[in-house]
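The values are calculated or read from the model by the stated rules, or taken from the named source; none is laboratory data. Keep in mind the model is a prediction, meaning the values are calculated, not measured. For neighbour counting, all protein chains shown are included, and Cβ atoms are generated from backbone atoms with ideal geometry for every residue, glycine included.
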Amino acid sequence: MTTIEKLTGIFQTVFDNPDIVLRPEMTANDIDGWDSISHENLILALESGFAVSFTPKEQLSLRSVGDLLKCLEAKLPSAAQ
């Protein structure tokens, strides 16, 4: 499973929407229910699902799916990508 596939699955679970298909340019405005509270739930789910941790600074810098994907891929071993 690729990083984007796993990321998509987590988004679908957090936002309870199996129809979500992620694209790097997507932002919170593109996904129903993505607000500040669900963003924190998303971060927790990503940290658990990918076994990574995000610093507060990283969390604030995540403005799009592409930003999130780049940050995750930087934290993952290359074999997981």
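Summary of values
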{"read-out": "Hits in the range 53-67 - residues which are part of a helix (DSSP H, G or I) and over 19 Å from residue 24 (Cα atoms)", "value": "56, 57"}
{"read-out": "Count of residues meeting criterion [in contact (Cβ under 8 Å) with a residue 12 or more places away in the chain and either in a loop (DSSP other than H, G, I, E, B) or small (Gly, Ala, Ser) (or both)] in the range 17-52", "value": "17"}
{"read-out": "Search result, residues across the range 54-75 that are of a type in the set (A, V, I, L, M, F, W, C) and exposed (fewer than 15 other Cβ atoms within 10 Å of the Cβ)", "value": "60, 74"}
{"read-out": "Residue check for residue 45: of a type in the set (A, V, I, L, M, F, W, C) and at pLDDT below 95", "value": "no"}
{"read-out": "Candidates 28, 51 - the one that is loosely packed, with under 14 Cβ neighbours inside 10 Å, among the aliphatic types (A, V, I, L, M) and under 13 Å from the mean Cα position of the chain (by Cα)", "value": "51"}
{"read-out": "Considering residues of the range 1-25 that are modelled with pLDDT of 95 or more and among the hydroxyl-bearing types (Ser, Thr, Tyr) only, the residue farthest from the chain's Cα centre (by Cα)", "value": "13"}
